[in-house]
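Written below as structure tokens is the structure these notes are about.
The values are calculated or read from the model by the stated rules, or taken from the named source; none is laboratory data. Just so it is clear, the model here is predicted, and its values are computed rather than measured. Cβ placement follows ideal geometry from the backbone for every residue including glycine, while neighbour counts extend to all protein chains displayed. Surface areas here come from the heavy atoms of the whole protein model, side chains and all, with no ligands, DNA or RNA. Shrake-Rupley method; radii C 1.70, N 1.55, O 1.52, S 1.80 Å.
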Amino acid sequence: MDEPVTTAEPGHAKAEQASRIFEASRSFGITPEQYMLPAQQQIQMLDPEGTLIPSDQQGTGPGHEYPIPEPEVLLKAYTALVAGRRINDQNYALVRQGRLAVYPSSHGQEACQVGAALCLDAGDWLFPTYRDTVSVISRGVDPLEVMVSFRGDWHCGYNPKEHRVGSMSTPLTTQLLHAVGVAHAAKLRGEDTVVLAMCGDGATSEGDFHEALNFAAVFEVPVVFFVQNNGYAISVPLSSQSAAPSLAHKAIGYGMAGERVDGNDMVAVLATLRRAVHLARENSMPLLLEAVTYRMQAHTNADDETRYRDREEVEQWKRKDPLLRMQRYLTSEGILDDAVAAEITEAAEQVASSLRQAMTAEPAENPLEIFDHVYAEPTAQLVAQRAQLSDELQRTGPTQGEK
Amino acid sequence: MSTTTATKTTTTFASALNTAMSDAMEADNSVVVFGEDVGTLGGVFRITDGLTKRFGTSRCFDTPLAESGIAGTAVGMAINGMRPIIEMQFDAFAYPALEQIFSHVAKMANRTRGRVRLPMVIRIPYGGGVGGVEHHCDSSEAYYAHTAGLKVFTPATVADAYLMLREAIDTEDPVVFFEPKKLYWSKAAEDLSTLREIYESRAEDSRKIGAQGQAAVVREGQDVSIISYGPSVETALKAAEAAAEDGISAEVLDMRSIVPFDEDALVRTVEKTGRAVVVAEAQGFVSVASEITARIQERCFHSLASPVLRVTGFDIPYPSPKLEEHHLPDVDRILDALDELQWED
Ligand SMILES: Cc1ncc(C[n+]2csc(CCOP(=O)(O)OP(=O)(O)O)c2C)c(N)n1
Ligand SMILES: [Mg+2]
């Protein structure tokens with residue numbers, strides 16, 4: 001079995017395609033299967049106490065090696081982590097005060113959120129879901145713009161092209177196909193853009209998940225599929241979604257490499273994501289990364305988590321909190337001191353305070369704009385309907401209508 | 001050419017579509033074509049014949065069998081600067097793509113306040129009359145026309161096959177392009193180079209937004225308007241010819257585009273004739289024909305001398321090849337409808 005043979009017969013898998021995996025696996029001295037299957041255990045670098053795990057116990061091995069990111073990158077990640085936690089908790093409060101219509105919090109998943117943004121270059125693209133507010137903000141999008149849709153506005157707030165971030169997608173896994181298309185377009189033009197596409201554990205049951213992974217593998221486009229396995233799809237546990245050994249095992253079925261990482265370990269998440277992005281770019285091929293994490297709060301404010309999980313389970317995950325782990329590690333390594341920590345906390349407070357202010361203010365809205373972007377040129381019918389609403393607004397008094 | 005006089009050559013509907021795509025691909029590198037069997041085979045209807053050979057597999061290529069995947073990756077390509085043309089193999093096989101089409105293709109521009117527009121074309125061979133079996137003969141235009149954000153075109157002539165497809169490719173909005181498959185092998189005395197010249201001669205703006213939304217009076221008449229689109233225009237014209245023998249002068253309006261919808265042309269013809277029959281292959285219940293009828297009632301009530309009638313398919317799943325002739329609107333059924341329009345004498 002050391003010398004794998006490629007099948008080039010018509011009607012069989014494309015030999016050339018397979019050879020990319022063969023090449024990669026050969027360079028690591030392992031079989032293609034060993035390369036595509038996830039490592040025996042999930043990749044983990046910090047233990048729950050924030051202590052660095054010895055390198056021979058991190059779950060890594062030939063073809064599954066993940067260098068630890070440089071100190072300044074880790075500090076940047078920690079800064080985003082603190083801000084992310086603060087944003088999650090601020091938004092949670094704003095929902096309770098009736099200032100936001102809904103907020104799917106990523107409290108507990110912030111290491112994944114931050115990693116997904118920090119592993120990309122400026123020219124890369126990110127395709128997030130409704131739960132990935134913190135990722136989008138970590139990528140540099142203005143927090144106030146990101147929150148617009150959760151306030152109940154009809155649009156996504158930010159300009160996807162400005163930061164190369166797709167609009168946060170609600171129909172599960174539909175955005176994974178957009179990611180593949182963006183990468184395919186870039187490849188046709190000879191650009192080395194990598195696209196990172198996010199989804200949840202439950203979403204891996206959707207048809208578009210399968211179609212996206214298959215298209216990406218067949219067309220050899222550099223997409224990193226990043227699954228945040230937080231154990232539940234609203235109330236339904238992963239065991240009711242899939243009988244696969246792990247979600248990362250799904251990769252080999254498409255002819256791509258899969259890996260599992262401790263999603264509450266900021267160092268490991270960043271290390272695995274950065275290498276996945278690097279491999280995707282170098283070899284123009286997709287990869288699948290599963291991060292094992294936990295949603296500490298209810299699915300959204302409308303959800304009652306006590307109906308499907310025990311308090312005890314939630315308490316257990318508290319001990320693996322990504323923030324605390326990272327803080328302890330950076331402090332022990334001398335990367336973080338009290339002064340820097342205070343600055344980071346202060347910056348996060350500023351973001352929270354501007355969120356509070358913006359979401360408490362009544363937005364000046366122009367109701368007539370709902371007609372303006374449906375088509376590049378409005379149809380005659382939309383022109384008439386806009387005039388009708390404009391007329392109604394004028395008769396009912398100048399509230400928020402067009403001036 | 002054996003003839004000495006400059007006669008128009010004969011062009012098929014299929015080659016007009018094919019040439020529209022290859023001309024657009026020639027003019028613009030960002031135009032790409034993909035779908036099931038569209039590459040080496042040239043599509044099951046051969047509409048993409050030769051495109052891969054001419055432009056290479058990066059510009060016209062086969063995809064895995066997954067319609068949502070085709071539509072969804074086209075969304076991504078359009079986000080990233082391409083102008084994809086995708087082919088759905090048959091009308092009823094586009095249904096797996098509906099989530100992508102309804103939730104993203106149609107809504108992306110609105111959701112992003114016009115910052116991300118999706119200039120893509122979804123080509124769908126549709127309708128019956130070709131002896132097709134179940135899942136191969138649906139008239140699914142109403143689903144798409146009902147969805148705000150999509151444009152819906154359907155050509156009925158060889159010239160429109162070329163011109164409207166090029167307009168669809170140029171449009172900044174997504175277009176669902178319905179190709180009546182029974183017309184694929186129909187021929188007309190049209191010259192592709194002349195059509196190309198017509199297209200080129202239009203100002204850039206009108207190429208993009210001009211002609212596409214406009215209905216066409218394809219036969220003038222005084223007594224009644226027969227309003228139709230796509231595969232039914234031909235039937236409407238034949239009925240008008242037969243009616244003329246009975247002394248009824250029928251005007252035939254080809255809507256051409258369902259979205260945008262040319263209400264003014266509709267009002268003009270009905271106000272002129274005072275009577276209207278709407279003809280379409282699709283089931284009549286909650287259909288495009290219903291919409292046309294409702295708009296005539298709203299806009300032309302005082303010009304009407306009789307109720308507006310519809311001649312459509314029955315409200316059934318598309319029947320078997322042996323029975324489709326009973327289902328499809330035909331000349332006799334249109335003439336029967338004309339008879340019912342409360343003529344004075
Ligand atoms: C196509 C589709 N079906 C159903 C829903 C409703 N829904 C929203 S979130 C969700 C659970 C998704 O779970 P998972 O993928 O694990 O992500 P998580 O919410 O845990 O981050 C469901 C069923 C949806 N948004 N889209
Ligand atoms: Mg989940």
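Within region A:158-169, which residues are farther than 14 Å from B:VAL105 by Cα and open to solvent by less than 10 Å² (accessible area, probe 1.4 Å)? Don't jump to the end; show me each part of the working.
Initial filter on region A:158-169 (farther than 14 Å from B:VAL105 by Cα): A:158-165, A:168.
A:TYR158, A:PRO160, A:VAL165, listed by residue number.
Checking each residue in region A:304-344 for being touching a Ser or Thr at 6+ places or on another chain (Cβ under 6 Å) and part of a helix (DSSP H, G or I) picks out only A:ILE344. Of the residues making up region B:27-41, just one is open to solvent by 10 Å² or more (accessible area, probe 1.4 Å), among the small types (Gly, Ala, Ser) and within 13 Å of chain A (Cβ to nearest Cβ), namely B:SER30.
Of the candidates A:ALA352, A:ALA347, the single residue that is surrounded by 15 or more Cβ atoms within 10 Å (Cβ to Cβ), part of a helix (DSSP H, G or I) and not acidic (Asp, Glu) is A:ALA352.
Just so you know, in region A:226-242 the residues that are of a type in the set (A, V, I, L, M) and within 26 Å of A:VAL114 (Cβ to Cβ) include one that is farthest from the other protein chains (Cβ to nearest Cβ), and it is A:LEU238. Pairing each residue of region A:50-64 that is surrounded by 13 or more Cβ atoms within 10 Å (Cβ to Cβ) with any residue that is basic (Lys, Arg), provided the two are 6+ apart or on different chains, yields C-beta distances under 6 Å for A:GLY50/A:ARG325; A:GLY50/A:ARG328.
Number of residues in region B:42-82 that are within 14 Å of chain A (Cβ to nearest Cβ), among the β-branched types (Val, Ile, Thr) and open to solvent by less than 20 Å² (accessible area, probe 1.4 Å): the value is 5. Looking only at region B:167-185, decide whether some residue is over 28 Å from B:PHE102 (Cβ atoms) and surrounded by fewer than 23 Cβ atoms within 10 Å (Cβ to Cβ). Within region B:167-185, one or more residues are over 28 Å from B:PHE102 (Cβ atoms) and surrounded by fewer than 23 Cβ atoms within 10 Å (Cβ to Cβ). Comparison of A:LEU323, A:LEU389 shows that the only residue that is over 30 Å from A:ALA233 (Cβ atoms) and modelled with pLDDT of 95 or more is A:LEU389. Is one or more of the residues making up region A:144-155 in contact with a helix residue (DSSP H, G or I) (Cβ under 7 Å, 6 or more places away or on another chain), facing another protein chain (nearest Cβ under 8 Å) and within 16 Å of ligand 1 (Cβ to nearest atom)? Taking every residue of region A:144-155 in turn, none turns out to be in contact with a helix residue (DSSP H, G or I) (Cβ under 7 Å, 6 or more places away or on another chain), facing another protein chain (nearest Cβ under 8 Å) and within 16 Å of ligand 1 (Cβ to nearest atom). A:VAL165 meets the conditions (1) farther than 24 Å from A:ALA347 by Cβ; (2) within 13 Å of chain B (Cβ to nearest Cβ) in every case but one. The failed one is (1).
Could you tell me whether B:GLU87 is open to solvent by less than 10 Å² (accessible area, probe 1.4 Å), acidic (Asp, Glu) and more than 7 Å from every other protein chain (Cβ to nearest Cβ)? So B:GLU87 fits the description; yes.
Here A:ALA101 passes the criteria (1) modelled with pLDDT of 95 or more; (2) within 16 Å of ligand 1 (Cβ to nearest atom) except the one numbered (1).
Among the residues of region B:235-249, at least one is closer than 20 Å to B:HIS327 by Cβ, of a type outside the set (Asp, Glu) and crowded, with 24+ Cβ neighbours inside 10 Å. For region A:170-225, residues that are surrounded by fewer than 24 Cβ atoms within 10 Å (Cβ to Cβ), within 16 Å of ligand 2 (Cβ to nearest atom) and either facing chain B (nearest Cβ under 10 Å) or among the aliphatic types (A, V, I, L, M) (or both) total 5.
For every residue, the table says whether it meets (1) more than 14 Å from chain A (Cβ to nearest Cβ); (2) polar (S, T, N, Q).
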position: B:THR112; (1), (2): no, yes
position: B:LEU118; (1), (2): no, no
position: B:VAL133; (1), (2): yes, no
position: B:LEU163; (1), (2): yes, no
position: B:ALA189; (1), (2): yes, no
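The condition of being within 14 Å of chain A (Cβ to nearest Cβ), surrounded by 18 or more Cβ atoms within 10 Å (Cβ to Cβ) and either of a type in the set (A, V, I, L, M, F, W, C) or more than 26 Å from B:MET108 (Cα to Cα) (or both) holds for only one of B:ALA215, B:ALA159, B:ALA142, B:ALA148, that being B:ALA215. Across region A:222-255, the number of residues qualifying as within 16 Å of the chain's Cα centre (by Cα), within 9 Å of ligand 1 (Cβ to nearest atom) and of a type in the set (Val, Ile, Thr) comes to 1. Does region B:50-66 contain any residue that is in contact with a His (Cβ under 6 Å, 6 or more places away or on another chain), more than 30 Å from B:GLU200 (Cβ to Cβ) and either at pLDDT 95 or above or not in a loop (DSSP other than H, G, I, E, B) (or both)? The answer is no; no qualifying residue exists. In this structure, B:ALA337 does satisfy being surrounded by 18 or more Cβ atoms within 10 Å (Cβ to Cβ), more than 21 Å from the chain's Cα centre (by Cα) and in contact (Cβ under 8 Å) with a residue 24 or more places away in the chain. All conditions but one from (1) of a type in the set (Gly, Ala, Ser); (2) more than 19 Å from B:ARG115 (Cα to Cα); (3) within 16 Å of ligand 1 (Cβ to nearest atom) apply to A:ALA183; the one that does not is (3). Pairing residues of region A:296-310 that are farther than 19 Å from A:GLN228 by Cα with residues that are open to solvent by less than 40 Å² (accessible area, probe 1.4 Å), at Cβ distances under 6 Å and at least 6 apart in sequence or on separate chains, gives A:ASN301/A:VAL95. Among the residues of region A:65-92, which ones are of a type outside the set (A, V, I, L, M, F, W, C), outside any helix (DSSP H, G or I) and either within 15 Å of A:GLU333 (Cβ to Cβ) or open to solvent by 50 Å² or more (accessible area, probe 1.4 Å) (or both)? A:GLU65, A:PRO67, A:PRO69, A:GLU70 - these are the residues of region A:65-92 that are of a type outside the set (A, V, I, L, M, F, W, C), outside any helix (DSSP H, G or I) and either within 15 Å of A:GLU333 (Cβ to Cβ) or open to solvent by 50 Å² or more (accessible area, probe 1.4 Å) (or both).
The residues on offer are A:ARG260, A:ARG307, A:ARG311, and the sole one that is more than 12 Å from ligand 1 (Cβ to nearest atom), under 16 Å from the mean Cα position of the chain (by Cα) and either over 14 Å from A:LEU196 (Cα atoms) or open to solvent by less than 10 Å² (accessible area, probe 1.4 Å) (or both) is A:ARG260.
I'd like to check something: does region A:108-115 contain any residue that is open to solvent by 10 Å² or more (accessible area, probe 1.4 Å) and assigned by TED's automatic domain parsing to the domain that holds A:THR193? No: zero hits.
Looking only at region A:332-366, residues that are over 19 Å from A:GLY84 (Cβ atoms) and modelled with pLDDT of 95 or more come to 6 in all.
Look at region A:231-250: where a residue is within 12 Å of ligand 2 (Cβ to nearest atom) and a partner is open to solvent by 60 Å² or more (accessible area, probe 1.4 Å) and part of a strand (DSSP E or B), sitting 6+ places away or on another chain with Cβ atoms under 9 Å, you get A:LEU247/A:ARG260.
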